[in-house]
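Read through the structure below, which is laid out as C-alpha cells, and then see the notes.
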4 protein chains.
Amino acid sequence: MKDIQNLRDDRRINIRKVGVKTISYPITVLDKEHRLQKTVATVNMYVNLPHRFKGTHMSRFVEILNTFHGEINLKSFHRILEEMKARLDAEAAHMEIEFPYFLQRDDAPDSIGTERYDCRMHGTLKDCDDLVLEVTVPVASSPYVHAQQGGLPRSMGRWGSARVAVRFNHFIWIEELISLIQKGIVLGHGAPESVEQVTRNLGRTIADHPAISWYSIVVENLADGYSTFAALES
Amino acid sequence: MKDIQNLRDDRRINIRKVGVKTISYPITVLDKEHRLQKTVATVNMYVNLPHRFKGTHMSRFVEILNTFHGEINLKSFHRILEEMKARLDAEAAHMEIEFPYFLQRDDAPDSIGTERYDCRMHGTLKDCDDLVLEVTVPVASSPYVHAQQGGLPRSMGRWGSARVAVRFNHFIWIEELISLIQKGIVLGHGAPESVEQVTRNLGRTIADHPAISWYSIVVENLADGYSTFAALES
Amino acid sequence: MKDIQNLRDDRRINIRKVGVKTISYPITVLDKEHRLQKTVATVNMYVNLPHRFKGTHMSRFVEILNTFHGEINLKSFHRILEEMKARLDAEAAHMEIEFPYFLQRDDAPDSIGTERYDCRMHGTLKDCDDLVLEVTVPVASSPYVHAQQGGLPRSMGRWGSARVAVRFNHFIWIEELISLIQKGIVLGHGAPESVEQVTRNLGRTIADHPAISWYSIVVENLADGYSTFAALES
Amino acid sequence: MKDIQNLRDDRRINIRKVGVKTISYPITVLDKEHRLQKTVATVNMYVNLPHRFKGTHMSRFVEILNTFHGEINLKSFHRILEEMKARLDAEAAHMEIEFPYFLQRDDAPDSIGTERYDCRMHGTLKDCDDLVLEVTVPVASSPYVHAQQGGLPRSMGRWGSARVAVRFNHFIWIEELISLIQKGIVLGHGAPESVEQVTRNLGRTIADHPAISWYSIVVENLADGYSTFAALES
C-alpha cells in the first residue's frame with residue numbers, strides 16, 4: 001500500500017527510458033544488386049517517457065515490430081518510430097537494429113566469396129527524425145605488403161577493422177558506404193600502416209562524400225590479447 | 001613520401017582518441033573485509049590528442065599499466081591517468097576497468113555462498129579528475145513471492161539485474177554500493193514487481209545517500225529471447 | 001630443408017583433422033509452412049586425412065560451400081560431404097551448421113510471435129552417411145504455476161532450455177522436432193518441475209517417436225550465476 | 001499423480017548426467033615462480049548416476065566446492081571428485097575448471113609483459129583418477145618473418161593459437177607445458193608456416209616429453225571471418 005510520501009517520491013524519481021532489448025528477429029533489408037536481402041537482426045526498441053508516466057505496456061513494442069513483418073528500410077524505420085511515439089505517448093522513440101549483411105566479393109584475394117559486414121542502424125524520432133548507419137569493414141594489408149609476405153598464413157593479410165558511422169543528406173546504399181570505406185582504407189598503401197594513418201585516410205575520403213553530413217570512425221588493430229585503436233569524429 | 005596537400009589534410013582530419021583496448025590483466029582491488037582482493041580485469045586506456053599530434057607510441061600505455069603492478073585504487077587510478085596525460089602529451093586521459101568482484105553471501109537463500117558482482121570503473125583526467133563506479137547486482141523476487149512459488153526451479157527466484165553507476169563525494173566501498181542497491185531492490189516487496197517499479201525504488205534509495213553526487217540506473221528483466229528494461233539518471 | 005629424420009617423423013606424427021571453422025554464411029533451409037526459410041549460419045567443414053597426406057588446399061572447403069549457394073537440405077548436405085571427401089582425398093568428411101530458425105507462435109502466451117530456435121546439423125560421410133539434427137527449445141513453467149504467479153515479471157515463465165539431438169530413419173521437419181520437444185516438456189505439468197523430471201518426460205516422448213533412431217537430451221535451468229542440468233542419451 | 005506405467009518408464013529412461021555448470025568462482029592455482037596464483041575460474045561439476053537414482057540435491061555440488069575455498073591442485077581436485085562421488089552416490093564424478101593464467105614474459109617482443117594463457121583442467125573419478133590439462137598458447141610468426149615485415153602492424157606477428165591437452169605420468173607445471181608448446185611452435189621457423197606444419201612440429205616436441213602419456217593438439221589460424229585449423233591426437 002502506498003502512502004503520500006511514496007506518491008511524492010514517484011513524481012521526483014522519473015523513469016527516463018523504458019523498452020525491450022536483444023530481440024532476435026528475421027528482417028529484410030534493401031540490397032542494391034538483388035533488391036532485397038533477408039538476414040537476422042538483433043533489435044532494441046525504447047522510448048523516453050514524459051514525467052508523469054504511469055506504467056508501460058512492454059508488449060506494445062513487439063506488437064509494433066510485428067506489424068512491419070521485418071521489412072526494414074528508411075520508410076518503415078520512420079513509421080515504426082512514429083507508432084512507438086504515438087502508442088506509448090512518448091517524448092522520443094528509439095530503435096537500434098544490428099545485422100550481418102552479405103556481399104559477393106569476387107575481387108578480394110583473401111575473401112571467401114561471400115563476405116560478411118556487420119551493420120547497425122540507430123533511429124530516433126523526437127521532433128524530427130535522426131538516423132545513423134554504421135558498417136564495420138575488415139582492414140587488410142596493401143598488395144605491396146602482401147607480395148613481401150610470401151608464405152605467410154592467409155589471415156595475416158587482415159589485421160583489423162574499420163567501424164564507420166554516418167548521418168546522410170540523401171539515401172546511400174550499404175554497398176556504397178562499404179565501397180567508400182574500402183577506398184579510404186587503401187589510400188596511401190605501399191607505405192607501412194598504423195591505426196592512426198588509416199583513420200586519417202578514411203576521414204579524408206568520407207569527409208569528401210556529398211551525401212554524408214556527419215561521420216565517426218574507429219580503426220582497430222585486433223591483436224590476440226588486446227587491440228590498439230584510433231578514433232575521430234566530424 | 002608526403003606532399004604538401006597531405007600535410008594540410010593531416011591538420012584538418014584530426015585523430016580524436018587513440019589507445020589500447022581489451023587488455024586482460026590481473027589486478028588487486030580494495031576489499032572491505034579482507035583488505036585486498038585479487039581478480040582479473042579487462043582494461044581500456046586511451047587519450048584525447050591535441051590537434052597537431054604526430055604519432056603515438058602505443059606501447060607506452062602498457063608500460064604505464066605495468067608500473068603499477070595491477071594495484072587498482074583511487075590513488076593509483078589517478079596516478080595512472082596523470083602519467084598517461086603527461087607521457088603521451090594528451091588533452092585528456094581515460095581508463096576503463098571491468099572486473100568480477102566476489103563476496104561471501106551466507107544470507108542469500110539462492111546464493112552459492114560466493115556471489116559474483118560485475119564491476120566497472122571509468123576514470124577521466126582532463127582539468128580535474130572524474131571517476132564513475134558501476135556495479136551490476138542480480139534482482140530476485142521477494143520472499144513473499146518465493147513462498148508462493150513452492151517447488152519452482154531455483155533460478156526463478158532471480159529474474160534480472162540492476163546496473164548502477166555512481167559518482168561520489170567521498171570514498172565508498174564496493175560492498176557499500178552493493179548493499180545499497182540490494183536495499184533499494186527489496187523496497188516495496190510483497191507487491192508484484194516491474195522493471196519500472198524496481199528502478200524507481202532504487203532511484204529513491206540511491207538519491208538519499210550522502211556520498212553519491214550522481215547516479216544512473218538500468219534495471220533489466222532477462223528473458224530467454226529478449227529483455228525488458230527501464231532506466232533513469234539523476 | 002628437411003633431413004631424413006624429419007621425414008620419418010612426419011610419417012609418425014599424422015594430422016588427424018584439417019579444415020575451416022566459424023564461417024558466417026547466409027543459408028536457405030526447408031520450412032514446412034513457407035517451403036524455404038533464409039537465415040544466417042555458422043559453418044565448420046573438416047576432413048580426416050589419410051596417413052601419407054602432404055598438405056591441404058584450405059580454399060577448397062570454401063569453394064565447395066560456394067557451389068551450393070547456401071541451399072541446405074538432406075540432399076545438398078550429402079553432396080557437399082561427398083565433394084569434400086573426393087576433392088580432398090579424405091577418409092571422412094564432416095560439416096557442422098548452426099543457425100537460428102524462426103517460427104510464428106501465436107499460441108505461446110509469453111512469446112513475441114516470432115520465436116527463435118537455435119538449430120544445429122552435424123553430418124559425417126565415411127563409409128556411409130550420418131546426420132544429427134539438434135534443436136534448443138525454451139522451457140517455461142506450466143500454466144498451473146503461471147496462474148499462481150500473478151504479477152510476476154514476464155521472464156519468470158521461462159526457466160531454462162531443452163537441447164535435443166536426434167538421428168532419424170526418415171525425414172523429419174524441424175517444426176516436428178520442436179513440437180515433439182514442446183509436447184515432452186509439458187508432460188506432467190501441474191506438479192513442480194525439476195531438470196531431472198523434465199529430462200525424463202522428454203526422453204519418454206522422444207523414445208516413442210517412430211522416425212527417431214537415436215537421441216540425446218540436455219535440460220538446463222539457467223540461473224544468473226550458474227546453471228543446473230540433467231542429461232540422458234538413448 | 002504417478003501411475004504404475006510411469007514408474008516403469010522411469011526405470012527405462014535413465015538420467016545419465018546431472019550437475020551444475022558455469023559457476024564463476026575465485027580460485028588459487030599453483031604457480032612455479034610465486035608458489036600460488038589467484039585467478040577467476042568457470043566451474044562445471046557433474047556426476048554419472050546409477051540406474052535407480054531418485055533425485056539429486058544440486059546444492060551439494062556447490063557445498064563441496066565451497067569446502068575447498070577455491071584451492072585447486074592435484075590433491076584437492078582428487079578430493080573434490082571423491083566427495084562428489086561419495087555424497088551423491090554416483091558411478092563417476094567430473095569437474096571441469098577453466099581459468100586464465102598469467103605469466104611475466106619479458107622476452108616476447110610483442111608481449112605486454114603480463115601474458116594471459118587460457119587453461120582448462122578436466123578431472124574424472126570412476127574406478128581410478130583421470131586428469132587432462134589443457135593450455136592455449138598464441139602462435140606468432142618467426143623472427144625471420146618479423147624482420148621482413150618491417151612496418152607491419154604489431155598484431156600481425158600473431159596469427160593464431162595452439163591448444164594442447166595432455167595427460168601426464170608425473171606432475172607437470174603449467175609453466176613447463178607452456179614452454180614446451182612455445183618450443184614446438186618455433187621449430188622449423190625460417191620457413192613459411194602453415195597450420196599443418198605447426199601442428200606436426202608441436203606433435204613431435206610433445207611426443208618426446210617423458211612426463212606426457214597422451215596429447216591432443218589443435219592449431220588454429222584466426223582470420224576475421226573464419227579460421228583454418230589442423231588437429232592431431234596421440
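Structure values in brief
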{"item": "Selection from the stretch B:155-185 of residues that are closer than 20 Å to B:Leu36 by Cα and open to solvent by 50 Å² or more (accessible area, probe 1.4 Å)", "result": "B:His170, B:Phe171, B:Trp173, B:Glu176, B:Ser179"}
{"item": "Top-ranked residue of the stretch B:118-142 - restricted to ones that are away from chain C (no Cβ under 14 Å) and among the acidic types (Asp, Glu), ranked as least open to solvent (accessible area, probe 1.4 Å)", "result": "B:Glu134"}
{"item": "Odd one out for A:His69 among (1) part of a loop (DSSP other than H, G, I, E, B); (2) farther than 30 Å from C:Gly70 by Cβ", "result": "(2)"}
{"item": "Residue that is surrounded by the fewest Cβ atoms within 10 Å (Cβ to Cβ) [pool: residues in the stretch D:38-61 that are at the interface with chain B (Cβ under 8 Å from one of its Cβ atoms) and closer than 19 Å to D:Phe99 by Cβ]", "result": "D:Lys38"}
{"item": "B:Arg167 within 14 Å of chain C (Cβ to nearest Cβ), assigned to a strand (DSSP E or B) and modelled with pLDDT of 90 or more", "result": "no"}
{"item": "Qualifying positions in the stretch D:62-80 - in contact with a strand residue (DSSP E or B) (Cβ under 9 Å, 6 or more places away or on another chain), modelled with pLDDT of 90 or more and open to solvent by 70 Å² or more (accessible area, probe 1.4 Å)", "result": "D:Glu71"}
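The values are calculated or read from the model by the stated rules, or taken from the named source; none is laboratory data. As the structure is a computational prediction, the values presented were derived from the model and not from experiment. Cβ sites come from the backbone with ideal geometry, for glycine too, and all protein chains shown count toward neighbours. Each accessible area value is taken on the protein alone, full model and side chains, heavy atoms only, with ligands, DNA and RNA left out. Shrake-Rupley method; radii C 1.70, N 1.55, O 1.52, S 1.80 Å.
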